[in-house]
Amino acid sequence: MRREMNGVTKSRFEMFSNNDEAAINKKLPKELLLRIFSFLDVVTLCRCAQVSRAWNVLALDGSNWQRIDLFDFQRDIEGRVVENISKRCGGFLRKLSLRGCQGVGDNALRTFAQNCRNIEVLNLNGCTKITDTTCTNLSKFCSKLRHLDLASCTSITNLSLKALSEGCPLLEQLIISWCDQVTKDGIQALVRGCGGLRALSLKGCTQLEDEALKFIGAHCPELVTLNLQTCLQITDDGLITICRGCHKLQSLCASGCSNITDAILNALGQNCPRLRILEVARCSQLTDVGFTTLARSLSHCELITDDGIRHLGNGACAHDRLEVIELDNCPLITDASLEHLKSCHSLERIELYDCQQITRAGIKRLRTHLPNIKVHAYFAPVTPPPSVGGSRQRFCRCCIIL
C-alpha cells in the first residue's frame, strides 16, 4: 500500500474520513492531525489511541514513536512490551530508553534489533538480564547506533565490546560502568573498530590496567569525555598516554584512582588545552604543586562562570579549608560568585583583578560575612563626559594627558 504521510497509508485515510464523524476530524486535514500527534508523549498517545478507530490509527503510527522513554514504567515493562513496540515502530524508532527495566532480556532485544535497524540512541542502564547476546544482535542489525548505555549490565564481557567494534562503527558514546568483567582485551577490540568514540565511561571496571588506557590513547583522538572512577589499578603511565593521544579531552574523572600523582596534572596541562572538568576525589598523592602547574598551563580561566564558583563554594572542603582563591581575568563572573563564597569561613584572600562585573557593593556584602578577608580588585576610573564647546581633546584620567 502506498504511503502518503509519515507512514500512514491512503486506505487508512479513506477509512478515517468515511467512518469517523467527529467535528475535529472533519475540520482538520489528516496530515495536520498526524503532525499534532507527533508532539505527544507515550502516555498521551496511548490514551488517544482509545478514543476512536481513526485516532487509534494515527496515535499508533510509527512516525509518532521515534523517541521513547519507558523509565517511568520500568517495573511494568516486560519483554513482550519491547517486542510489540519494535514491531509497531519499525524503522521509525531512533531513540529508546529502557533504563531500569529489569524484566527485559536478550530475547526481546533480539526482536527489537531485527525490527528497529535505524536506532541511534539506546539506553539499557540497569537491564541486568541482558548478556553478550544482546550486543551481538545489535552488532548484526543496528549499524547506525551512536550512543549505547550498558551501565550495571554486569553480565557484559569482552565479547560484547568485540561485537560492537565489528558492527557499530559509528559509535560515539559508550557507557559500561560497573561492567567489571571487561578487561584490556575488550577495550583493545572496541577502540580498533570504534575510533570515533567521543565519550567513554569505564567507571567501576576494576580489572582495567594501564594497558587498556594505552589502547584508548592510541586509537581515540576524538575523545572528549572519559570516566575512570574507581579503576583502582590505573597509574600515571596509563593516564599520561591518554593525555598525549587525546588532545580534545574536556572532561576527565579519575576519582578513586589513588595511584596517580602530580605527573598527571602536568601532562594534562601540557597536552589537553580544552580541559574543562577534572574530578580527582580521593587521589591522595596529588599536591598543591601539581595543581599550580596545571593552573598555569590552562589559559582559559576567562570561561569560568558563577555556576562554577557555586559548585566550588558548596563543596564540603571549601567551607572549612579554602583559604585563597585567585579569579583574575574572569570576566564572566558577577557579584553572585561572591555570594557563593560567603560560607567559606577560612577564606583569607580573594583576587579579582580584571573581573569587570564585580562591583564594590558585592565586595561590601562579602565582607559582612567574612570581615577579615583581603580583597584585591581594580576598578577603572570613570571616564569624564566629553567637553562642550572646548577644542582640546580629553582623555580618561587613567591615561597621560598629552
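The values are calculated or read from the model by the stated rules, or taken from the named source; none is laboratory data. Just so it is clear, the structure is predicted and the values come from calculations on it, not from any experiment. Cβ atoms come from the backbone with ideal geometry, glycine included; neighbour counts cover every protein chain shown. Just so you know, the surface numbers come from the protein's heavy atoms only, side chains and all, with ligands and any DNA or RNA stripped out. Shrake-Rupley method; radii C 1.70, N 1.55, O 1.52, S 1.80 Å.
Using the Cα centre as the reference, give the magnitude of the dipole from point charges on the C-beta atoms of the chain (Lys, Arg: +1; Asp, Glu: -1; all else neutral), rounded to the nearest 20 debye.
Dipole about the Cα centre, nearest 20: 1460 debye.
Once label points are set 7 Å from the Cα along Cα→Cβ at both N107 and R67, what is their separation, rounded to one decimal in nm?
With each label placed 7 Å out from Cα toward Cβ, I get 3.3 nm.
Where does each of W178, W55, W65 land when they are ordered by accessible area, with a 1.4 Å probe and the largest first?
Highest to lowest solvent-accessible surface, that is W178, W55, W65.
Could you report the accessible area of E348 in Å², rounded to 10, computed with a 1.4 Å probe on the protein chains as they sit in the structure?
110 Å²
Could you tell me the accessible area of T287 in Å² (1.4 Å probe, neighbours in place), rounded to the nearest ten?
Looks like 60 Å² after rounding.
Pick the calculated mean projected area of the Cα convex hull in nm² for this structure from (i) 19.3; (ii) 37.6; (iii) 30.8?
Computed from the coordinates, mean projected area of the Cα convex hull in nm² corresponds to (iii).
What lysines could a cross-link reach from K374, if we take a straight Cα to Cα line under 18 Å and drop same-chain neighbours fewer than 8 places away?
Straight-distance partners of K374: K342, K364.
Any idea how far apart Y353 and R365 come out in nm if each label point goes 7 Å out from Cα toward Cβ?
2.6 nm
Between T359, L70, T134, whose Cα lies farthest towards the positive end of the dipole of the chain when Lys and Arg beta carbons carry +1 and Asp and Glu beta carbons carry -1, centred on the Cα centre?
The one lying farthest along the dipole's positive direction is L70.
Would you mind checking which residues have amide H under 5 Å from I68's amide H? H placed 1.01 Å from N; only 5 or more apart, or other chain.
Long-range HN contacts for I68: K95, L96, S97.
Leaving ligands and nucleic acids out of the surface, order E279, E166 by accessible area at 1.4 Å, largest first.
Heavy-atom accessible area, descending, gives E166, E279.
What list of ³J(HN,Hα) values in whole Hz, one per residue of the range 60-77 in order, does the Karplus curve 6.51 cos²θ - 1.76 cosθ + 1.60 (θ = phi - 60°) give from phi, with Gly and Pro shown as x?
For the range 60-77, the Karplus curve yields 9, 5, x, 5, 7, 10, 7, 9, 10, 10, 9, 4, 5, 10, 4, 6, 9, 7 Hz.
Where a Cα-Cα gap under 24 Å defines reach, which lysines qualify for K87, not counting those fewer than 8 residues away within the same chain?
K10, K30, K95, K129, K140, K144
In nanometres, what is the gap between the two model label sites at D41 and K26, each 7 Å from Cα along Cα-to-Cβ?
Spacing of the two 7 Å Cα→Cβ label points: 3.4 nm.
Tell me which of T241, H147, N227 sits at the most positive position along the dipole axis of the chain, charges placed on C-beta atoms (Lys, Arg +1; Asp, Glu -1).
Working it through, the farthest residue towards the positive pole turns out to be H147.
Quick one: Karplus J couplings for the range 261-266, per residue in order, coefficients 6.51, -1.76, 1.60, θ = phi - 60°, nearest Hz, x for Gly and Pro?
10, 4, 4, 5, 4, 5
If you average the alpha carbon positions of the range 307-328 and of the range 46-99, how far apart do those two centres end up, in angstrom?
So the two Cα centres are separated by 46 Å.
State, as an integer percentage, the relative contact order of the chain based on alpha-carbon contacts under 8 Å between residues 6 or more apart.
Computed value for the chain: 6 percent relative contact order.
Which order do L40, L341 take when ranked by solvent-accessible area (1.4 Å probe, heavy atoms of all protein chains), largest first?
Heavy-atom accessible area, descending, gives L40, L341.
To the nearest 10 square angstrom, how much accessible area does R367 have with a 1.4 angstrom probe?
Accessible area of R367: about 100 Å².
Note the angle between two axes, namely the Cα long axis of helix 288-297 and the longest principal axis of the Cα atoms of the chain, as a number of degrees from 0 to 90, rounded to the nearest 10.
Tilt relative to the chain: about 80 degrees.
Figure the gain on full extension for N84 and S258 (residue separation times 0.36 nm, minus the Cα-Cα span) and round it to one decimal in nm.
Result: 57.9 nm gained on full extension.
Hey, got the dipole for the range 308-377? About the Cα centre, +1 on K and R Cβ, -1 on D and E Cβ, debye to the nearest 20?
Roughly 300 debye, rounded to the nearest 20.
Whenever you get a sec, compute what percent of the accessible area on the range 308-377 sits on carbon and sulfur atoms (1.4 Å probe).
On the range 308-377, the fraction of accessible area on carbon and sulfur atoms equals 49 percent.
Kindly express, to the nearest 10 degrees and within the range 0 to 90, the angle between helix 10-19's C-alpha long axis and the longest C-alpha principal axis of the chain.
Result, in degrees: 80.
Would you calculate, for the chain, the mean residue ellipticity at 222 nm contributed by helices, counting each DSSP H stretch of 4 or more residues as -39,500 (n - 2.57) and dividing by all residues, to the nearest 500?
-11000 deg cm²/dmol
Would you please give the FRET efficiency between K144 and S346, computed as 1/(1 + (r/R0)^6) with r the Cβ-Cβ distance and R0 = 56 Å, to the nearest 0.05?
Computed FRET efficiency for K144 and S346: 0.60.
Among F37, S346, C205, which residue has its Cα furthest toward the positive end of the charge dipole of the chain, with +1 on Lys/Arg Cβ and -1 on Asp/Glu Cβ?
Result: F37, furthest along the dipole toward the positive end.
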